[in-house]
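Following: one structure in structure tokens, then a few remarks.
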Amino acid sequence: MSLPNNQRHRVSNSHLARLSLLVALGLILFMFESFIPRPLPWLKPGLAHAATLLAMYLLGNRSAIIVVLLRVLIGSLLLGTLLNPAFILALGGGLSATLVMGLARRYLADIFSIFGISILGALAHNLTQLFLVQMILVHRAEIYYLAPIMMLTSLVTGCIVALVAFLLLSRTQPGLVGN
């Protein structure tokens, strides 16, 4: 059964409005994190990925990819990092995390909760960034000595991001993530 044109348009507007709000949320969190002092140059919680996780659970994998692309693009324009190594690292890490989370949610949802999916995304993000740093900046295999530390931080940051997304989803869509 197909919807009349005016109802199809209404659903599309609702989807676009939600998507825009999630891009804005991700961008706000991304900008907020850029002002937080970091104990290590590469260590930040990645709160902006909560918007990606929300998009994935509320709107689907395609929308989550759009949220990441727009957040990284607009954020890099605001911070003046467009097309520099920070942009490439953010884009590569964000896309790989979103792809891994989307695949995990689709094929492993009976094994992983939102927390496991978020941790897998954080692992993919950090390992992709480590690979890109080696390929673009360092050109030395010794950079991979940081992998265990980055994997450990992925557990912590993945849990933080999942907690934020879980709390928001449980308030707005209680049956979606389980309680």
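The values are calculated or read from the model by the stated rules, or taken from the named source; none is laboratory data. Every value quoted in this text rests on a predicted model; they were computed, and no experiment measured them. Quick reminder, even Gly has a Cβ in these numbers, built from the backbone with ideal geometry, and neighbours come from all protein chains shown.
Conditions tested, residue by residue: (1) closer than 12 Å to Leu19 by Cβ; (2) among the small types (Gly, Ala, Ser); (3) modelled with pLDDT of 95 or more.
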position: Arg38; (1), (2), (3): no, no, no
position: Leu43; (1), (2), (3): no, no, no
position: Thr52; (1), (2), (3): yes, no, yes
position: Leu58; (1), (2), (3): yes, no, no
position: Val67; (1), (2), (3): yes, no, yes
position: Gly80; (1), (2), (3): no, yes, no
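Give segment 1-33 a look and list any residue that's at pLDDT 80 or above and in contact with a helix residue (DSSP H, G or I) (Cβ under 8 Å, 6 or more places away or on another chain), or say none.
Once the filter is applied, which keeps residues that are at pLDDT 80 or above and in contact with a helix residue (DSSP H, G or I) (Cβ under 8 Å, 6 or more places away or on another chain), segment 1-33 yields His15, Arg18, Leu19, Leu22, Val23, Leu25, Gly26, Leu27, Leu29, Phe30, Met31.
Give me the helices (runs of 4 or more DSSP H) completely within segment 60-179, filtered to those with at least 2 residues that are touching a His at 6+ places or on another chain (Cβ under 6 Å), ordered by residue number.
Because the criterion is at least 2 residues that are touching a His at 6+ places or on another chain (Cβ under 6 Å), the helices (runs of 4 or more DSSP H) in segment 60-179 that meet it are 85-107.
Looking at Leu108, Leu82, Leu77, Leu132, which one is more than 15 Å from the chain's Cα centre (by Cα) and touching a residue at least 40 places away in the same chain (Cβ under 8 Å)?
None of the other options fit; the residue is Leu132.
What pairs can you find where one residue is in segment 12-37 and in a helix (DSSP H, G or I), the other is among the charged types (D, E, K, R) and modelled with pLDDT under 90, and their Cβ atoms are less than 6 Å apart, with a gap of 6+ or different chains?
Final answer for the pair search is Glu33/Lys44.
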